[in-house]
Amino acid sequence: MEAKKQFSIGLFFKKMVKQQVFIPLAALLILALFNLIMDPSFFKITLGYNSVGDPVLSGYLMTILDYGSELAILAIGMTLVTAASGGQDISVGATIAIGGSVILRVLCGRNSRPDELQAPIIVAFLVACVVCMLFGAFNGALVAYFKIQPMVATLILFTAGRSIAAWINNNELPIVSDPSFAVFGGFIPGIPIPTPFFIALACVIVIALILRFTNLGLYTQAVGINESSSRLNGLNPQFIKFLTFVILGLFVAVASLIKVSRLSSINYSVIAKDIEMDAILAVALGGNALGGGKFNMWASILGAYVIQFLTTTLYKFNVQSDALPAYKAIVVIMLVVSSAPVVRERTAYYWKKLTSKKQEVA
Amino acid sequence: MGKSKQANDMPKKNLLSRLSGMSDTNLLLTITIVVFFVMYIGAIVFQGKGFLKPQAFFNILNANAALIIASCGMSLVMITGGIDISVGGVAALVSMCCAVYLDYHDGNVLGAVLIALAIGLAFGIVQGYLVAYLGIQPFIVTLAGMFFARGMTTIVNTNPFNVANPAFVALKETRVVVPGMGSYNKAGNYVNAYVEIGVVVAIIVVIAMFCILRWTKQGRYFYAVGGNAQSALMLGINVKMTRFLSHLGCGLLAGVGGFAYFLHVGSGSASHASGMEMNAIASSIIGGTMLTGGVGNIIGTFFGVLSLSTIQNIVSSAGLDQAWWTGITIAAMLCLFLVVQSIIMARKDKSKK
């Protein structure tokens, strides 16, 4: 009995480790500790005023909250796609370019530098939603009905997307001068917390409600775990796969609104570059199996903010933006290697050996 | 198995069923070659005499030697049932490393070749180990490989620059004259038709890969593993080793392709070979390599590259010279061939039942 009590802390720890949220939390903790040791000023948040005179919070943590939000929005959709299809959508960056281009096209009309908006922002956003969902449907149709591997199917848009985005605006670079458009990627007047965070919050609430009150979560997991048996149980796996891609399209449209709002303009070849890597990384860091099946949405969303934490930390140490992928790639490889079944079995085996020896000694 | 299927299909007697009586490899290869010739003839008819000159054809080869080499590696991996999207990144890394070595460290050309091979081999070994022995999805591993290579390229050197090393420039300017294919220019002078060194390497690679895949034991193993890993294992084939070797081969060919690319452009830049992985996958698919593995032919891949670049040439000479048209055309073509493959697979599944 006494021995059991001694082990209770260990047991508690073991239980913690088994929780899926543990992985992103541990990563967050390591990053936070690293920053604390290297330079505590990382955590400083200052209240300042922007050029218009509204109160604005600034600091590295605010940057993470700001830029991590669009990643979190994408991670929601990417988690669903991963769970249902066992693959990832690598065209999200290109689709963001398309969505952003559509928004600007609708807002600016024929003139690339209008003095006032040609259409209400909500109309532009809705059009972008429809377009992005159509492209999502295209991906989804290829994956679900033509049975092409998700990553190869989305490779098509990955290459063509930015070209299509440029084509929508005749390769011009429209600029929206209306300050009300910049709200979505900046600050709501009077509120010092960046707007993208609120948009992400809204998306999280929506998806939480959907997962709570519909069977979407259950169905996607069922399809991801075993497609044929879910079909025998009366589900339509093809339609569910298709649906997850369309849902991802919707979230991509939201992310593209934030992205173009930040600049009030667009650069087709640079906007949301490499964001697909970050989104996949967020899903992987959330401890979700990249081969499909069970998923934990909260871990993915937390994972997205951890990725942004990593990016911001790297930026702080003067790593060039073009060199960032190299470091992130190492993190991805470390993550997938540690979650590979072969490695897990082997470590479990050695761990068992180690602990059993300890017991013998005692 | 092929015979029994043929017997099943024979009574229908229509063209499609007779075509699907052919093995998948031959059917897809036939489609590819027909598409290429139709396209090239179409180009000659509608775009004028420019395409009629042999040099026009050789220029396509010159510009795409690196792509041909990389696509061969890609086909190898895809036949084994995997995929490698790091080839573009590796090519960029190779050209940057070679450029830095040649210009900043007074290196010689042989050393540069060795560097190229070493980088390709290193990527092949690491990715192959992760995919084959740790069982991680090839797409994730090579996606990470691609980002790593692109990032490393910037870390090695940020600014693009042209290589001025005299020995290298001499090699770059070397022209291999193709006898009997020259033409008279407007002034009436005879101009020899030529290809660059890279094309010679590419042709050697294509022939070597074709022979390996067709006539060696290991070559047949690649098909067996890609077709059905389970039964390959039961036949006593070392599946893990075969997968490892396929990635190794692809990495090595990406290194060679990277050097060929470097030889063609003669500069180092982080944005080099962007989209090469996409073009290589597209060429392989157009060339009749199945994504599901087990089906494919290097000759088809070769024609896949040619088809792809011919359509690019048609697009650009039709006046749609803006960069975005190329991306859209390739994507549309890839989409078309993917759908064709998927339909063929669906038909095959049906005839099995």
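Every read-out reported here was derived from the displayed coordinates using simple, explicitly stated rules and does not represent laboratory data. It should be emphasised that the depicted structure is a prediction, and the values quoted were computed from it without experimental measurement. Cβ coordinates were reconstructed from backbone atoms using ideal geometry, including for glycine residues, and neighbour counts include every protein chain displayed.
Quick look at the numbers
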| quantity | calculated |
| --- | --- |
| Approximate spin-label separation B:V200-A:L201, in nm, with each point projected 7 Å along Cα-to-Cβ | 6.9 |
| Mean separation of Cα contacts under 8 Å, 6 or more apart, over the residue count of the stretch A:236-362: relative contact order % | 15 |
| Net charge of Cβ neighbours under 14 Å - reference A:L155; Lys, Arg +1; Asp, Glu -1 | -3 |
| Within chain B, helix-based [θ] at 222 nm, where runs of 4 or more DSSP H residues each add -39,500 (n - 2.57), nearest 500 | -24000 deg cm²/dmol |
| Dipole in debye (nearest 20) - chain B, about Cα centre, beta carbon charges: Lys, Arg +1; Asp, Glu -1 | 1520 |
| Among A:A124, A:A72, A:A83, residue whose mean-square fluctuation peaks in a GNM of chain A (springs only between Cα atoms under 10 Å) | A:A124 |
| Loop-located trypsin sites (Lys or Arg not before Pro) in the stretch B:186-268, at most 10 other Cβ atoms within 10 Å (DSSP) | B:K186 |
| Descending Cα extents along the principal axes, chain A, whole Å | 80, 56, 38 |
| Cα pair count fraction exceeding 26 Å, expressed as % - the stretch A:233-362 | 43 |
| Above-threshold pairs, the threshold being 29 Å between Cα atoms, out of B:K172/B:K217; A:K273/B:K348; A:K273/A:K316 | B:K172/B:K217; A:K273/B:K348 |
| Nearest 10 degrees, 0 to 90: helix A:60-85 Cα axis against chain A principal axis | 70 |
| On Cα atoms only, tilt of A:121-144 relative to the major axis of chain A in degrees | 50 |
| Sorted by Cβ density within 10 Å, fewest first, the residues B:C250, B:C98 | B:C98, B:C250 |
| Exposure proxy order (Cβ contacts within 10 Å, fewest to most) of A:M78, B:M152 | B:M152, A:M78 |
| 17 Å reach of a label modelled at B:V340, 7 Å along Cα-to-Cβ, counting backbone N of the stretch B:31-46 | B:31-43 |
| Leading residue at positive end of dipole, chain B (Cβ point charges), from B:G236, B:Q137, B:N297 | B:G236 |
| Net charge contributed by nearby residues that have their C-beta within less than 13 Å of B:T242 (K/R +1, D/E -1) | +4 |
| Positive-end extreme of charge dipole, the stretch B:127-227 - chosen from B:F148, B:V200, B:F222 (charges on Cβ) | B:F222 |
| Where Rh is the Kirkwood radius over Cα pairs, Rg/Rh for chain B | 0.99 |
| Relative contact order for the stretch B:195-309, counting Cα pairs under 8 Å that sit 6 or more residues apart, in percent | 27 |
| Around A:E172: net Lys/Arg minus Asp/Glu count, Cβ-Cβ under 14 Å | +3 |
| The stretch A:166-300: radius of gyration and largest Cα-Cα distance (Dmax), Å | 18.3, 55 |
| The protein assembly as shown - convex hull of alpha carbons, volume per residue in Å³ | 225 |
